[in-house]
Amino acid sequence: MSGPGWVQMQAQAPPAVIATSAEGSTYVPMDSWIYGALDRLHGMGYLDTAYMGIRPWTRLSIAHMLQESSDRIDNETDNDEAKSIYLAVLNEVQPDIDNATEMGHPAAQLESVYTEFRGINGTPLRDSYHLGTSIDEDYGRPYEAGFNNYTGFSARAEAGRFTLYYRGEYQYAPSATGYGQGLVDYLSQTIDDVPIPSDPVQATIPGGAIGTVTSARLMEGSIAYHLWDHEISFGKNDHWLGPGQGGAMLWSTNAEDIYTFQIDRVEPLWVPGLSRLTGKFRYDFYVGSLKGHTFPNDPWVHVEKISFKPSANMEIGFSREVIWGGAGHEPVTIHTFLRSFFSVAAPPHSVKDSRRDPGARFSAADFEYRLPGLRHWLTIYTDSTIHDNVSPVVAPWSDGLRPGIYLSHFPGAERLDMRVEAATTDPGEVGNRDKLGRWLYWETVQRQGPTNKGYLLGDPIGRQDKGGQAWLTYHLSPQEEIQFSYRNTKASNKFITGGTTQNDFEGSVRKRLGKDIEVRGQVQYEGWRAPIYKTGPQSDTSVSAQITWFPHQQSQ
């Protein structure tokens, strides 16, 4: 059904109330179907107020994006697929819109209950800081050959400006035999320049006997207060700072979330005068402690991101990540934080080795553009990062890059989309930066780089690697899909002796059984080579199935 009034007849949303609401709102986790649906809607030429380089989004901010797009979706013809996406997402956030009409009225909801079974045959890789990972962008969940399980639930509550979110799960992974001592020593001493045996156990190197994992983990959990269109929170939140799907150069969901204090501008900001040129802004800031580091131990990290939209079809973002402090190096105090926050110039080595070290600094820039004449079809984008420079724009020959292209639908096939991304963290022969992976994601003091509990926080392409990914997806509905994907990564032999290569082929299905049950299935075959670890070609196959119940039972 289409035509004037179609969206309004179906939605019945109170736009005036949404636009002026001061209610708090919880974030939608990055692995939700909602982001794929909104990606499509944006790629079809709508959702102009979405900032793709700063995610996740809160439920009410998503409602506001939909509100801004509703008239265009309603008035334009031949866009039934866009209308179905709009209504599916609107239905998901409708309870939050309804609660926004009653300030301070408390509401609580069991959001989801899920279990995932994953079986792996063969030897998988799980070393994102060196040889690569077989399963990426999975919150740093443990996995080994054999049977793995992740079972959990999520819940949320809102009361006026206050919100509370919880997502926890039980995790099981079998025991395994990791790298031999010779490989551990090589990766630690030669590649990372971390001494052995002073630090015999490192989270970034899966060496020796790896015990069975049977533990409970807080995946996400935060308390927040909404103030002047900001969510001010403490706890564990997802972060994804880039427009790509396969990864984000500065921060993604490849590692376990860290505990942070965060100030997130969740609604676009108009700056008088400046925004006439740049458009509206969004920004995000968070600071917290990294775990799994031994050289130095327990450093902290702070991240700043600002994005602006000079036009409805263009988004530009700049971000910065600084790792500082750590036992035996410098204390984590307000003074050392401010020094690292305001430092932009490269300090001499005498300062880096002292208690006046400003920290390991990584900057990023991203760009997204819906092409003229193809606004409803084709989007191009890129994400980039650099070490010890104000921005990747300053020295593009030294950047890590993830460029991509997204076709939101094919002519005559509105439900079929395609995305292709390349990725590189290999700067080539620039100075001394093409050796041993000691440029991006590594630093002379913070030698275990931007990792948390052994997993890279940034792009899972890893250090001094090149590769790419492609996805072809058929959408059965906004919440259901069949997808085929391919991933390739290849590490330079100037990084790892003999280099490494991975080729992953994956097929997945997401299906709804009724309104409240989601079933997901996935099969991945991987072929890989890492001569320094195992001679000859290797392979592994993983099969996973997840069932999720969305009870949609709200208590007030």
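The values are calculated or read from the model by the stated rules, or taken from the named source; none is laboratory data. None of the values given here were measured: they were computed from a predicted structure. Heads up, the Cβs are rebuilt from the backbone with ideal geometry, glycines too, and the neighbour counts pull from every protein chain shown. Note: areas computed on protein heavy atoms with side chains; ligands, DNA, RNA excluded. Shrake-Rupley method; radii C 1.70, N 1.55, O 1.52, S 1.80 Å.
Looking across the range 51-79 at every residue that is polar (S, T, N, Q) and assigned to a helix (DSSP H, G or I), the one that is farthest from Ala248 (Cα to Cα) is identified as Asn75.
Screening the range 489-502 for residues that are among the hydroxyl-bearing types (Ser, Thr, Tyr) and in a strand (DSSP E or B) and picking the one that is most open to solvent (accessible area, probe 1.4 Å) gives Thr501. Every condition in (1) within 22 Å of the chain's Cα centre (by Cα); (2) surrounded by 24 or more Cβ atoms within 10 Å (Cβ to Cβ); (3) β-branched (Val, Ile, Thr) holds for Ile34 except the one numbered (2).
Keeping to the range 432-468, report how many residues are in a loop (DSSP other than H, G, I, E, B) and within 21 Å of Ser340 (Cβ to Cβ). Break it down into steps so the answer makes sense when it comes.
As a first pass, look at the range 432-468 and keep what is in a loop (DSSP other than H, G, I, E, B): 432-438, 440, 442-450, 453-454, 457-464.
Okay, now just the ones that are also within 21 Å of Ser340 (Cβ to Cβ), so 438, 440, 442-450, 457-458.
The total comes to 13.
Going by what's in this entry, would Val445 be described as surrounded by fewer than 22 Cβ atoms within 10 Å (Cβ to Cβ), under 23 Å from Ile323 (Cβ atoms) and either of a type outside the set (Asp, Glu) or under 23 Å from the mean Cα position of the chain (by Cα) (or both)? The answer is yes for Val445. Filtered by the rule that a residue be surrounded by 20 or more Cβ atoms within 10 Å (Cβ to Cβ) and either over 12 Å from Phe308 (Cα atoms) or basic (Lys, Arg) (or both), the range 268-283 gives a lone residue, Arg282. Inside the range 284-314, residues that are charged (D, E, K, R) and either open to solvent by 40 Å² or more (accessible area, probe 1.4 Å) or touching a Leu at 6+ places or on another chain (Cβ under 9 Å) (or both) make up a count of 4.
Considering only residues in the range 66-97 that are over 26 Å from the mean Cα position of the chain (by Cα) and among the acidic types (Asp, Glu), the one that is nearest to Leu41 (Cα to Cα) turns out to be Glu81.
Just wondering, is there one or more residues in the range 300-317 that are of a type in the set (Gly, Ala, Ser), at pLDDT 90 or above and within 19 Å of the chain's Cα centre (by Cα)? Scanning the range 300-317 turns up at least one residue that is of a type in the set (Gly, Ala, Ser), at pLDDT 90 or above and within 19 Å of the chain's Cα centre (by Cα). Those residues that are under 27 Å from Val113 (Cβ atoms) and either more than 20 Å from the chain's Cα centre (by Cα) or open to solvent by less than 20 Å² (accessible area, probe 1.4 Å) (or both), I need them from the range 204-225; list them, please. If the condition is that a residue be under 27 Å from Val113 (Cβ atoms) and either more than 20 Å from the chain's Cα centre (by Cα) or open to solvent by less than 20 Å² (accessible area, probe 1.4 Å) (or both), then Thr212, Val213, Thr214, Ser215, Ala216, Met219, Glu220, Gly221, Ser222, Ile223, Ala224 are the ones that fit.
A quick yes/no check of all residues on (1) assigned to a strand (DSSP E or B); (2) of a type in the set (Phe, Trp, Tyr); (3) surrounded by fewer than 20 Cβ atoms within 10 Å (Cβ to Cβ); (4) at pLDDT 95 or above:
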site: Leu476; (1), (2), (3), (4): yes, no, yes, yes
site: Ile482; (1), (2), (3), (4): yes, no, yes, yes
site: Arg487; (1), (2), (3), (4): yes, no, no, yes
site: Asp504; (1), (2), (3), (4): yes, no, no, yes
site: Ser508; (1), (2), (3), (4): yes, no, yes, yes
site: Arg512; (1), (2), (3), (4): yes, no, yes, yes
site: Lys515; (1), (2), (3), (4): no, no, yes, no
site: Val519; (1), (2), (3), (4): yes, no, yes, yes
site: Gln522; (1), (2), (3), (4): yes, no, yes, yes
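Picking from residues in the range 344-366 that are free of Cβ contacts under 8 Å to residues at least 40 places away in the same chain and touching an Asp or Glu at 6+ places or on another chain (Cβ under 9 Å), the one that is surrounded by the fewest Cβ atoms within 10 Å (Cβ to Cβ) is Arg355.
Scanning the range 180-201 for residues that are open to solvent by 10 Å² or more (accessible area, probe 1.4 Å), touching a residue at least 24 places away in the same chain (Cβ under 8 Å) and in contact with a helix residue (DSSP H, G or I) (Cβ under 8 Å, 6 or more places away or on another chain) yields Pro195, Asp199.
Among the residues of the range 40-49, are any within 20 Å of the chain's Cα centre (by Cα), among the small types (Gly, Ala, Ser), open to solvent by 20 Å² or more (accessible area, probe 1.4 Å) and at pLDDT 95 or above? No, the conditions are met nowhere in the range 40-49.
Taking the residues in the range 386-431 that are assigned to a strand (DSSP E or B) and touching a Gly at 6+ places or on another chain (Cβ under 6 Å) as candidates, determine which candidate is surrounded by the most Cβ atoms within 10 Å (Cβ to Cβ).
Start the filter on the range 386-431 by keeping residues that are assigned to a strand (DSSP E or B), which leaves 386-387, 400-407, 410, 413, 416-424.
Narrowing further to those that are touching a Gly at 6+ places or on another chain (Cβ under 6 Å): 402, 404, 406, 421-423.
Values: Arg402: 29, Gly404: 23, Tyr406: 24, Glu421: 25, Ala422: 19, Ala423: 27.
Going through the qualifying residues, I end up with Arg402.
Set side by side, the residues Gly246, Gly235 differ, and just one is touching a strand residue (DSSP E or B) at 6+ places or on another chain (Cβ under 8 Å), among the small types (Gly, Ala, Ser) and at positive phi, which is Gly235. For the structure I just gave you, tell me whether Ala155 is open to solvent by less than 50 Å² (accessible area, probe 1.4 Å), touching a Phe, Trp or Tyr at 6+ places or on another chain (Cβ under 6 Å) and modelled with pLDDT of 95 or more. For Ala155, the condition - open to solvent by less than 50 Å² (accessible area, probe 1.4 Å), touching a Phe, Trp or Tyr at 6+ places or on another chain (Cβ under 6 Å) and modelled with pLDDT of 95 or more - is met. Considering the range 80-189, the qualifying strands (runs of 3 or more DSSP E), each wholly inside and each with 2 or more residues that are more than 20 Å from Glu220 (Cβ to Cβ) and touching a Gly at 6+ places or on another chain (Cβ under 8 Å), run over 107-122, 146-159. Looking only at residues in the range 70-92 that are in contact with a helix residue (DSSP H, G or I) (Cβ under 7 Å, 6 or more places away or on another chain) and of a type in the set (Ser, Thr, Tyr), the one that is surrounded by the fewest Cβ atoms within 10 Å (Cβ to Cβ) is Ser70.
Condition check: among the basic types (Lys, Arg), open to solvent by less than 50 Å² (accessible area, probe 1.4 Å), part of a strand (DSSP E or B) and in contact with a strand residue (DSSP E or B) (Cβ under 8 Å, 6 or more places away or on another chain). Does Arg529 satisfy that? Give the derivation first.
Working: among the basic types (Lys, Arg): yes; open to solvent by less than 50 Å² (accessible area, probe 1.4 Å): no; part of a strand (DSSP E or B): yes; in contact with a strand residue (DSSP E or B) (Cβ under 8 Å, 6 or more places away or on another chain): yes.
Answer is no for this residue.
Within the range 231-253, one or more residues are within 17 Å of the chain's Cα centre (by Cα), at pLDDT 95 or above and open to solvent by 30 Å² or more (accessible area, probe 1.4 Å). Put simply, of Thr294, Thr212 the only residue that is touching a residue at least 60 places away in the same chain (Cβ under 8 Å) and of a type in the set (Ser, Thr, Tyr) is Thr294.
A residue that is under 19 Å from the mean Cα position of the chain (by Cα) and assigned to a strand (DSSP E or B) occurs nowhere in the range 324-331.
From the list Gly247, Gly273, exactly one residue is in contact with an Asp or Glu (Cβ under 6 Å, 6 or more places away or on another chain) and either touching a residue at least 24 places away in the same chain (Cβ under 8 Å) or of a type in the set (Gly, Ala, Ser) (or both). Which is it?
Values: Gly273 fails: in contact with an Asp or Glu (Cβ under 6 Å, 6 or more places away or on another chain).
Just one listed residue meets the conditions, Gly247.
If the requirement is being of a type in the set (Lys, Arg) and farther than 20 Å from Thr451 by Cβ, which of these qualifies: Arg370, Arg361, Arg320? After ruling out the rest, the residue left standing is Arg370.
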